[in-house]
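Worksheet for the structure shown next.
Read the figures in this text as sums done on the coordinates, not as results from a lab. The structure presented is a predicted model; accordingly, all values stated were derived computationally and were not measured. Virtual Cβ from ideal backbone geometry, glycine too; neighbours counted across all protein chains shown.
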There are 2 protein chains.
Amino acid sequence: MPQPPIWNIRLTLTYMLANTPTTPYYAVIFTSIRTDIEAGYEEMAHEMVRLAALQPGYLGHESARNELGITISYWESLEAIKAWKAQSDHQIAQKQGREIWYSSYKTRIALVERDYEMIL
Amino acid sequence: MPQPPIWNIRLTLTYMLANTPTTPYYAVIFTSIRTDIEAGYEEMAHEMVRLAALQPGYLGHESARNELGITISYWESLEAIKAWKAQSDHQIAQKQGREIWYSSYKTRIALVERDYEMIL
């Protein structure tokens, strides 16, 4: 039997705002501008989200794109971030990103010291 | 005489990726889900960007929205963030945000420890 619509909406909302634990934890803020090359991009982006979620210390992610794209992944520690940066499929994606999909990007590693929210 | 197109493109790129100084500095990550109410929202959002840029310690901002919206503002210090949170027009916008424009949001205050970039 299909779920009533209200449940689907709530699950989506919960999914989109990353449900991070109490502070402190780390954020990797990846801000990027895409090239016009579409081939392979969406598949890569989805695969990277899937693989990141399998890494030790992964806490969640949030993403949005207009002209500018912002993807934030949340991590328990700098060690967890370092391990994800070195993960082999991710290394290939980073190289292809520089060569094919992104015209510019900036990555920022940040310690989240405080957070507060309104979740209805 | 109009600028040649290449200049316009470069200005846009420079504008969209926040040109932050060397680390450390602070990021305020505001992740939100909108209600269906459009009235007044765009005007408020633009006005808040304009006013934030007038605050002492403001370093830049980046923003994108699909179902999820992410706005990151960058600041020199926690004191600068505190002063902006208390700014009177911003206080009104925060109250209206909770009551009218956002169904859910999360704010994270983070110390950017490292960054690296590719700017073509």
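Side notes on the structure shown:
- Shown for B:VAL49: label points 7 Å from Cα along the beta-carbon vector, and their distances to the equivalent points in the other copies, 2.4 nm in ascending order.
- With eigenvalues of the C-alpha gyration tensor scaled by 5 and rooted, chain B, Å: 25, 20, 14
- For the protein assembly as shown, the fraction of alpha-carbon pairs lying more than 32 Å apart is 21 percent, rounded to a whole number.
- Highest-MSF residue in chain A out of A:ILE72, A:ILE37, A:ILE29 [GNM, Cα springs under 10 Å]: A:ILE37
- Between B:ILE37 and A:GLU38, the simple label model (points 7 Å from Cα in the Cβ direction) yields a spacing of 3.7 nm.
- Most mobile of A:SER104, A:SER32, A:SER73 in a GNM of chain A (Cα contacts under 10 Å): A:SER104
- Once you reduce region A:65-101 and region B:31-107 to the center of their Cα atoms, the two points are 26 Å from each other.
- Candidates B:TYR58, B:TYR26, B:TYR102: whichever shows maximal mean-square fluctuation once chain B is modelled as a Gaussian network with Cα springs under 10 Å: B:TYR102
- Each stretch of four or more DSSP H residues adds -39500 (n - 2.57); spread over every residue of the protein assembly as shown, this sum gives -10500 deg cm²/dmol at 222 nm.
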